[in-house]
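Visitor: Sharing a structure here in structure tokens format.
The values are calculated or read from the model by the stated rules, or taken from the named source; none is laboratory data. Because the structure is predicted, anything quoted here is derived from the model rather than measured. Because the Cβ atoms are built from the backbone with ideal geometry, glycine has one as well, and the counts that use them run over all protein chains shown.
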Amino acid sequence: MGLENLLLGFQVAITPFNLFIAVIGILLGTIIGVLPGLGGANGVAILLPLTFTMPPTSAIILLTCIYWGALFGGAITSVLFNIPGEPWSVATTFDGYPLAKQGQSGQALTAAFTSSFVGAFFSIVLITFFAPLLAEIALKFGPPEFFAIQLLTFSSFVGLGGGNPLKSLVSILIGFILATVGLDIVTGQLRLTFGFTDLMKGFDFIVAVIGLFGIGEILLSVEEGLKFEGAKTRMNMRVVLDTWKILPRYYRTFVRGSIIGFWMGFKPGGATPASFMSYAFAKRFSKNPERFGKGEIEGIVAPETAAHAAGVAAILPMITLGIPGSPTAAVMLGGLIIWGLQPGPMLFVDNRDFVWGLIASMYTGNVIGVVMVLAFVPFFAAILRVPFAILTPLIVVICAIGSYAVHNSMIDIWYMLIFGVVGYVFKKLDYPIAPLVLALVLGDLAENALRQSLIMSQGSLAIFLARPISGAITAAAIFFFILPIITPWWRRFRGLPAAAPARPEA
């Protein structure tokens, strides 16, 4: 029955007009993903009015392909300039940018795009065959389960991320403090604004990321005399083929990242924590964890696979339950209502052509997307042949435009510069930036889930252990938190030499 429905969907998705729409969507989405601060959700929202006169199936194909393009495009500036185009591309900078500095940007981009394709394809297959069942599982998740997942994300980064766990904890705490600035999500009271009205809306995650990574890296480059080693990059499709020969050895990372991403994709904002968690697990189980943060391909495969698997999975609860799993899915949900469609289980019965056309377009859009971006790998890599002293002012301007575009506010540019100095100081003091970013983006979600859970239990923390799903996830989170403490003891017990301290990732 599933295959028959899928064939019906392909009859809709591969019409010449819908294929043309898919190509246009991928192209626009890639451009949106490259521009920091714009993002897939904003891009879909801006272009949503263009779909009002289109058939619903063609309209949703355009919007989803813009989404795929944004997912692909977010990796480009992450690898080339250490500036995440999308929130979920932050983890890609840890090894993508060092690899580009070594003159291997073509290899890094190929690994990122291919991993994105694999993660998305894995999620699409599961959606095709298990959509109703997975929708029922998603219904069992409440605030305690969501908080347990957030806790697991933080603990996996502390316990599995390598480096100094204490520095990681300090970085997470600073991120939590920054996340609390603004209005209290429950009482509506002001917190840590110190009388400044501009702080009422808090710090936007994208502005912080642009400053911490983009401006912070530029300050380091200026200190080093604007030295950049990207000019050695080879510019031909042979790089793509050679990278494909290497990638199969990371099949475990592909599988693990796909599973983590699909699982995390059900909850709001799941792509970003999925990429961090997948990176942490890859580093923990790698035979050469010391290579991570210095240009390890596996450090690109892990976050990109998970982020795209989560990005695709976020659409599933939207069409099956009417519950968007990401900001982009929320915009698409509004589109469904405008087009006169009611999201939910009956959508599969009343609008089979639409639902299965959408699912089939995920296959075609993913294939079109990876072919298009891989074809342009030599062009992207050639950007690094431009002297970095010339690129620097252009990058700063792009960062400023991206920060301003978030809220159309000049204050965000000042925030970007302040976070740039913070990123520079963190790197000089050898403190990891990633945990701070993770806490900043997940702080509100984690606090909201925690307070809702405590309201449900009348203040009892036992609710996180009493419920089966949240109990299992919380137990795993606690284990990862104490892992750095028990690992040295276990090595002494086994008579093994102490592990050499690892340099924390950026």
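Visitor: Taking the range 428-440 as the region of interest, how many residues are under 18 Å from residue 158 (Cα atoms) and in a helix (DSSP H, G or I)?
Guide: Qualifying residue count for the region: 7.
Visitor: How many residues are touching a helix residue (DSSP H, G or I) at 6+ places or on another chain (Cβ under 6 Å), surrounded by fewer than 17 Cβ atoms within 10 Å (Cβ to Cβ) and among the β-branched types (Val, Ile, Thr) when one looks only at the range 174-198?
Guide: Qualifying residue count, the range 174-198: 3.
Visitor: Restrict the check to the range 265-283 and report whether at least one residue is modelled with pLDDT under 85, more than 26 Å from residue 476 (Cα to Cα) and surrounded by fewer than 24 Cβ atoms within 10 Å (Cβ to Cβ).
Guide: no
Visitor: Could you check how many residues of the range 451-469 are touching a residue at least 40 places away in the same chain (Cβ under 8 Å), assigned to a helix (DSSP H, G or I) and in contact with a helix residue (DSSP H, G or I) (Cβ under 7 Å, 6 or more places away or on another chain)?
Guide: Number of matching residues: 6.
Visitor: From (1) modelled with pLDDT under 80; (2) among the aromatic types (Phe, Trp, Tyr); (3) touching a Gly at 6+ places or on another chain (Cβ under 8 Å), pick out the condition that doesn't hold for residue 356.
Guide: (1)
Visitor: Ok, one more. Would you check if there is a residue in the range 69-81 being at pLDDT 80 or above and under 20 Å from residue 16 (Cα atoms)?
Guide: The answer is yes; a qualifying residue exists.
Visitor: Could you count how many residues in the range 60-105 are touching a Pro at 6+ places or on another chain (Cβ under 7 Å) and part of a helix (DSSP H, G or I)?
Guide: Residues in the range 60-105 being touching a Pro at 6+ places or on another chain (Cβ under 7 Å) and part of a helix (DSSP H, G or I): 7 in total.
Visitor: Of the residues that sit in the range 163-173 and are surrounded by fewer than 18 Cβ atoms within 10 Å (Cβ to Cβ) and of a type in the set (A, V, I, L, M), which one is farthest from residue 293 (Cα to Cα)?
Guide: The residue in question is 173.
Visitor: Does at least one position in the range 444-457 carry a residue that is modelled with pLDDT of 85 or more, of a type in the set (S, T, N, Q) and over 22 Å from residue 188 (Cβ atoms)?
Guide: Scanning the range 444-457 turns up at least one residue that is modelled with pLDDT of 85 or more, of a type in the set (S, T, N, Q) and over 22 Å from residue 188 (Cβ atoms).
Visitor: Further, regarding this structure: Restricting attention to the range 260-292, report how many residues are assigned to a helix (DSSP H, G or I) and either in contact (Cβ under 8 Å) with a residue 60 or more places away in the chain or of a type in the set (D, E, K, R) (or both).
Guide: Residues that pass the stated criteria total 19.
Here's the yes/no breakdown for (1) crowded, with 18+ Cβ neighbours inside 10 Å; (2) at pLDDT 80 or above:
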residue: 402; (1), (2): yes, no
residue: 411; (1), (2): no, yes
residue: 423; (1), (2): yes, yes
residue: 428; (1), (2): no, yes
residue: 440; (1), (2): yes, yes
residue: 464; (1), (2): yes, yes
residue: 494; (1), (2): no, no
residue: 499; (1), (2): no, no
residue: 503; (1), (2): no, no
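Visitor: Can you pull out the residues in the range 169-200 that are free of Cβ contacts under 8 Å to residues at least 24 places away in the same chain, out of contact with any strand residue (DSSP E or B) (no Cβ under 8 Å at 6 or more places or on another chain) and within 19 Å of residue 452 (Cα to Cα)?
Guide: Matches in the range 169-200: 187, 188.
Visitor: Please name all residue pairs, on different chains or six or more residues apart, with Cβ atoms under 9 Å, provided the first residue is in the range 422-447 and is at positive phi and the second residue is in a loop (DSSP other than H, G, I, E, B) and surrounded by fewer than 20 Cβ atoms within 10 Å (Cβ to Cβ).
Guide: Here the result reads 430/164; 430/503, each pair linking the range 422-447 to a residue that is in a loop (DSSP other than H, G, I, E, B) and surrounded by fewer than 20 Cβ atoms within 10 Å (Cβ to Cβ).
Visitor: I'd like to check something: does the range 216-238 contain any residue that is over 30 Å from residue 68 (Cβ atoms), surrounded by 13 or more Cβ atoms within 10 Å (Cβ to Cβ), at pLDDT 80 or above and not β-branched (Val, Ile, Thr)?
Guide: Yes, that holds for at least one residue.
Visitor: Would you pick out the residues in the range 199-211 that are assigned to a helix (DSSP H, G or I) and out of contact with any Ser or Thr (no Cβ under 8 Å at 6 or more places or on another chain)?
Guide: 201, 205, 208, 209
Visitor: Moving to a separate point now. Looking at the range 460-470, can you tell me whether even one residue there is in contact with a Pro (Cβ under 9 Å, 6 or more places away or on another chain), more than 20 Å from residue 180 (Cβ to Cβ) and charged (D, E, K, R)?
Guide: Yes - at least one qualifying residue is present in the range 460-470.
Visitor: Only helices (runs of 4 or more DSSP H) wholly contained in the range 1-59 count here; list those with 3 or more residues that are modelled with pLDDT of 75 or more and over 30 Å from residue 213 (Cβ atoms).
Guide: 2-13, 16-34
Visitor: Among (1) closer than 30 Å to residue 102 by Cα; (2) in contact with a Gly (Cβ under 9 Å, 6 or more places away or on another chain), where does residue 392 come up short?
Guide: For residue 392, the failing item is (2).
Visitor: Please specify each residue of the range 269-288 satisfying the condition of being among the hydrophobic types (A, V, I, L, M, F, W, C) and under 17 Å from residue 93 (Cα atoms).
Guide: Within the range 269-288, the first condition is being among the hydrophobic types (A, V, I, L, M, F, W, C), and the residues that meet it are 271, 274, 276-277, 280-282, 285.
Correct list: 271, 274, 276, 277, 280, 281, 282.
Visitor: Continuing with this model, one more query. Considering only the range 78-119, how many residues are of a type in the set (Gly, Ala, Ser) and surrounded by fewer than 24 Cβ atoms within 10 Å (Cβ to Cβ)? Talk me through it step by step, then tell me what you get.
Guide: Going residue by residue through the range 78-119, those that are of a type in the set (Gly, Ala, Ser) are 78, 85, 89, 91, 96, 100, 103, 105-106, 108, 111-112, 115-116, 119.
From what's left, surrounded by fewer than 24 Cβ atoms within 10 Å (Cβ to Cβ): 103.
Counting residues in the range 78-119 that are of a type in the set (Gly, Ala, Ser) and surrounded by fewer than 24 Cβ atoms within 10 Å (Cβ to Cβ) gives 1.
Visitor: Could I ask something else about it? Scan the range 130-146 and tell me whether some residue there is under 25 Å from residue 278 (Cα atoms), of a type in the set (A, V, I, L, M, F, W, C) and either modelled with pLDDT of 75 or more or part of a loop (DSSP other than H, G, I, E, B) (or both).
Guide: Checked against the condition, which is being under 25 Å from residue 278 (Cα atoms), of a type in the set (A, V, I, L, M, F, W, C) and either modelled with pLDDT of 75 or more or part of a loop (DSSP other than H, G, I, E, B) (or both), the range 130-146 yields at least one hit.
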